[in-house]
Amino acid sequence: MSKGDGAQQSATANRSSARDEGRRKPPDIEFVQLLTPDGSRVEHPDYDVDFTDDELRGLYRDLVIVRKLDAEATALQRQGELGIWASLLGQEAAQVGSGRALRKQDMAFPTYREHGVLYCRGIDPIMPLGLFRGVDQGGWDPNEHKFNMYTIVIGAQTLHATGYAMGIVMDGKVGTDDGEAVIAYFGDGATSQGDVNEAFVWASVFNSPVVFFCQNNQYAISEPLERQTRVPLYQRAAGFGFPGVRVDGNDVLACYAVTRKALDDARMGQGPMLIEAYTYRMGAHTTSDDPTRYRIASEVEAWQAKDPIKRLRSYLERTHAADDAYFGAVEDEAAREAGTLRERVLSMPNPDPLEMFDHVYPTGSPEIDEQRETFARYLETFAGGH
Amino acid sequence: MATLTLGKAINEGLRKALEDDAKVLIMGEDVGKLGGVFRITDGLQKDFGEERVIDTPLAESGIIGTAIGLAIRGYRPVCEIQFDGFVYPAYDQIVSQVAKMHYRSRGKLRLPIVIRIPFGGGIGAVEHHSESPEAYFAHTAGLKVVACSNPADAYSMIQQAIATDDPVVFFEPKRRYWEKGDVDTSVAHSEAYPLFASRVVRRGTDVTVAAYGPMVKTALDAATAAAEEGRQLEVIDLRSLSPLNLGPVFDSVRRTGRLVVVHEAARAGGLGGEVAARVTEECFYSLEAPVLRVTGFDIPYPAARVEEEFLPDLDRVLDAVDRSYGW
């Protein structure tokens, strides 16, 4: 098993391949993998997990349900019930592994694709669907769920996460086992944004308890990783003065182990860390995208062989931790949850037009009040007629 | 009652806010040891510590972006943008994030952030240090935008801006930082004149002049000069640019029949146009002449040696008054 297969070649293509030839590195401890694509457990000197069979089955269940809900949302978009959907297909392990690594008191700052993390936080999966259906713009309380609203502007949330983490320090909530930590999600494209780099600077100089979790899914819409970087992304952390690690993003065990340790180090006061979860976006960027225009089928097939669910299932089968009856039951459960999600999406009411004037300001605005009243009177002129 | 410069009045207001609420933070470039390039935060870090008066890395988007996270966490950050022309790197965080999070959360998340911006020209500075970007922010729903013009207002308005749960962009007329005035520091900000309200600052019967920030003094000087020629100008300090509080302007124009709006910012797309449109809608039959604007020109802020020609001054205000009468 080579490290991350396509991993290094795309990250350091051209420049270092010649140099590296002829000196094979020892087992790459900089690519953390605990479960190989064929479902074998391997060891890593710095990271390990000790899951019971029950917990392993739980992770499998998470992965399957998260994928099924995602597929249902894609179908809903295709049927015109959602305006758009950003699929997580292929990134389930990165999201479930990191999401389950969060402790209850930890705070997450997602992009718009972290449906799997949301699920693992125990949040009702219907919550973000209003945004994609177009009936609201999120509408949830980040503090209630310890999960910020989806952020669509690329990378902006990494600064919010860092500021929140600074607040944790001010509140004296670091340095103990029950301390708090923050995780900021973003993608490979976001690493080119100024905000992400500023977040790295801030987190570093203030030693903030924040874990930067980059899901490198190889593409920023159509642009491949090579257009964002000449060095492996995790190595950028060194320049900012904190550790970075690359983990097999399709290995739920490794994602869990690395994230859990990074969060615990952060909550103990050891500062930020960058995790690059090396994965692949199996689907389109969003349902508005056509990936056949910028990537070839063989590349997708190569990543299919590294599917995060298949490898955990192989492992569960090999260790007799789960049987066909269990796998069948999980499929049934996922189908039921997806069906429920569908029904609930279809029954989401459209907002009253006058509600668009609500909540612009906490203390209100006489100008908006006036516009609301004027528009209401205008609407009334149509009452009962056409 | 104390006599304070406008800059010192803001400093005292910030000090009071830090004393009143442990969640209030000051953050920005050079706001700590140095006390800010204009010394507006002078002495605050010494008295309140480095955790509450924070020298940040030199990146404006980072200042506002981390302030958002701190606000989510329950803090009330007061961010200093060093100069008007340096706010643009933070523009996305202000317009797309600060302004919209309360709305997007359907009212569940409040971001009580104050963004202080010294604005306007007249100090002989190099480029990017003399701009008037207020219309960009007043055009953005979700932000409240205010400008102070005198020490007494500066003292109360900064405290009110910090106390409200609305995000506030707080414009400070940098060339008036050294102007002195009486400030009654015994008046609680909750008892002071409301933040989001305009105010008549000089009574008159002939022409209404509406201004804000540094141009209020210019308008008052013009009113003094006009009085010597027998014309009584009524001067209104708009104070709140979003929301605009135009009730007092409408009342005034219904009496005077004439309005001149003054700002340093360029004319095109500026607040003067918004004021003119609304006054025309509300006071159409009272107007003796069109609403006239005295503004900066639609050019980049020019080199310092010609800024006195660029900036509206007493004579240009009086010229507009004459033109109103000559219509």
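The values are calculated or read from the model by the stated rules, or taken from the named source; none is laboratory data. What you see is a predicted model; the values in this text were computed from it and never measured. Here the Cβ positions follow ideal geometry from the backbone for every residue, glycine too, while neighbour counts run over all protein chains shown.
Figures for the structure shown
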read-out: Of all residues making up the range B:269-307, the number that are part of a loop (DSSP other than H, G, I, E, B) and more than 25 Å from B:ARG175 (Cβ to Cβ); value: 5
read-out: Matching residues, the range B:138-179, being in a helix (DSSP H, G or I), out of contact with any helix residue (DSSP H, G or I) (no Cβ under 7 Å at 6 or more places or on another chain) and within 14 Å of chain A (Cβ to nearest Cβ); value: B:GLN160, B:ALA161, B:ALA163
read-out: So A:ALA334, is it away from chain B (no Cβ under 14 Å), more than 27 Å from the chain's Cα centre (by Cα), in contact (Cβ under 8 Å) with a residue 12 or more places away in the chain and closer than 30 Å to A:LYS310 by Cα; value: no
read-out: Residues (at the interface with chain B (Cβ under 7 Å from one of its Cβ atoms) and either among the basic types (Lys, Arg) or out of contact with any strand residue (DSSP E or B) (no Cβ under 6 Å at 6 or more places or on another chain) (or both)) located in the range A:151-167; value: A:VAL153, A:ALA156, A:LEU159, A:GLY163, A:MET166, A:GLY167
read-out: Number of positions in the range B:295-327 that are surrounded by fewer than 17 Cβ atoms within 10 Å (Cβ to Cβ) and either hydrophobic (A, V, I, L, M, F, W, C) or touching a Pro at 6+ places or on another chain (Cβ under 7 Å) (or both); value: 5
read-out: Unique match (being exposed (fewer than 14 other Cβ atoms within 10 Å of the Cβ), part of a loop (DSSP other than H, G, I, E, B) and on the phi < 0 side of the Ramachandran plot) among A:ALA325, A:ALA321, A:ALA383, A:ALA376; value: A:ALA383
read-out: Scope the range A:171-203; condition surrounded by fewer than 20 Cβ atoms within 10 Å (Cβ to Cβ) and facing another protein chain (nearest Cβ under 7 Å); matching residues; value: A:GLY194, A:VAL201
read-out: Test: residue in the range A:251-263 that is among the polar types (S, T, N, Q), closer than 19 Å to A:THR111 by Cβ and not in a helix (DSSP H, G or I); value: no
read-out: Filter pass, A:ASN207 being under 20 Å from A:TYR280 (Cβ atoms), in the same structural domain as A:TYR47 (by TED's automatic domain parsing) and in contact with a helix residue (DSSP H, G or I) (Cβ under 9 Å, 6 or more places away or on another chain); value: no
read-out: Any chance A:PHE206 is among the aromatic types (Phe, Trp, Tyr) and either over 17 Å from B:ILE72 (Cβ atoms) or more than 10 Å from every other protein chain (Cβ to nearest Cβ) (or both); value: no
read-out: All positions within the range A:264-321 that are among the basic types (Lys, Arg) and closer than 16 Å to A:ALA254 by Cα; value: A:LYS306, A:LYS310, A:ARG311, A:ARG313
read-out: Which listed residue is in contact with a helix residue (DSSP H, G or I) (Cβ under 9 Å, 6 or more places away or on another chain), buried (at least 24 other Cβ atoms within 10 Å of the Cβ), more than 14 Å from B:TYR212 (Cα to Cα) and at pLDDT 95 or above, from B:LEU292, B:LEU238, B:LEU259; value: B:LEU259
read-out: Residue in the range B:91-111 that is in the same structural domain as B:ALA135 (by TED's automatic domain parsing), of a type in the set (Lys, Arg) and on the phi > 0 side of the Ramachandran plot present; value: yes
read-out: Residues within the range A:149-177 that are assigned to a loop (DSSP other than H, G, I, E, B) and not β-branched (Val, Ile, Thr), tallied; value: 8
read-out: Selection from the range B:56-70 of residues that are closer than 21 Å to A:ILE154 by Cβ and free of Cβ contacts under 8 Å to residues at least 40 places away in the same chain; value: B:PRO57, B:ALA59, B:GLU60, B:SER61, B:GLY62, B:ILE63, B:GLY65, B:THR66, B:GLY69
read-out: Check on B:GLU172, buried (at least 20 other Cβ atoms within 10 Å of the Cβ) and farther than 30 Å from A:MET356 by Cβ; value: yes
read-out: Total residues in the range A:178-194, condition part of a helix (DSSP H, G or I) and farther than 23 Å from A:HIS115 by Cα; value: 2
read-out: Residue match in the range A:113-135 (condition: of a type in the set (Gly, Ala, Ser) and away from chain B (no Cβ under 14 Å)); value: yes
read-out: Where B:GLU50 falls short, out of the listed (1) facing another protein chain (nearest Cβ under 8 Å); (2) assigned to a loop (DSSP other than H, G, I, E, B); value: (1)
read-out: Residues within the range B:72-88 that are part of a helix (DSSP H, G or I) and either free of Cβ contacts under 8 Å to residues at least 12 places away in the same chain or more than 8 Å from chain A (Cβ to nearest Cβ) (or both), tallied; value: 4
read-out: Test for A:VAL345: is it under 30 Å from A:THR36 (Cβ atoms) and not charged (D, E, K, R); value: no
read-out: Complete set of residues in the range B:1-37 that are touching a strand residue (DSSP E or B) at 6+ places or on another chain (Cβ under 6 Å) and not small (Gly, Ala, Ser); value: B:MET1, B:THR3, B:LEU4, B:THR5, B:LEU18, B:LYS23, B:VAL24, B:LEU25, B:ILE26, B:MET27, B:VAL31
read-out: Considering residues of the range A:84-137 that are among the aromatic types (Phe, Trp, Tyr) and part of a loop (DSSP other than H, G, I, E, B) only, the residue nearest to A:GLY172 (Cα to Cα); value: A:TYR112
read-out: A:ARG313 touching an Asp or Glu at 6+ places or on another chain (Cβ under 8 Å) and either part of a helix (DSSP H, G or I) or buried (at least 18 other Cβ atoms within 10 Å of the Cβ) (or both); value: no
read-out: Checklist (1) over 13 Å from A:ALA266 (Cα atoms); (2) within 9 Å of chain B (Cβ to nearest Cβ); (3) among the hydrophobic types (A, V, I, L, M, F, W, C) applied to A:MET107, failing item; value: (1)
read-out: Members of the range B:89-128 that are part of a helix (DSSP H, G or I) and within 17 Å of B:GLY62 (Cβ to Cβ); value: B:PRO89, B:ALA90, B:TYR91, B:ASP92, B:GLN93, B:ILE94, B:VAL95, B:SER96, B:GLN97, B:VAL98
read-out: Checklist (1) more than 21 Å from B:ILE40 (Cβ to Cβ); (2) of a type in the set (Val, Ile, Thr); (3) touching a residue at least 24 places away in the same chain (Cβ under 8 Å) applied to B:VAL187, failing item; value: (1)
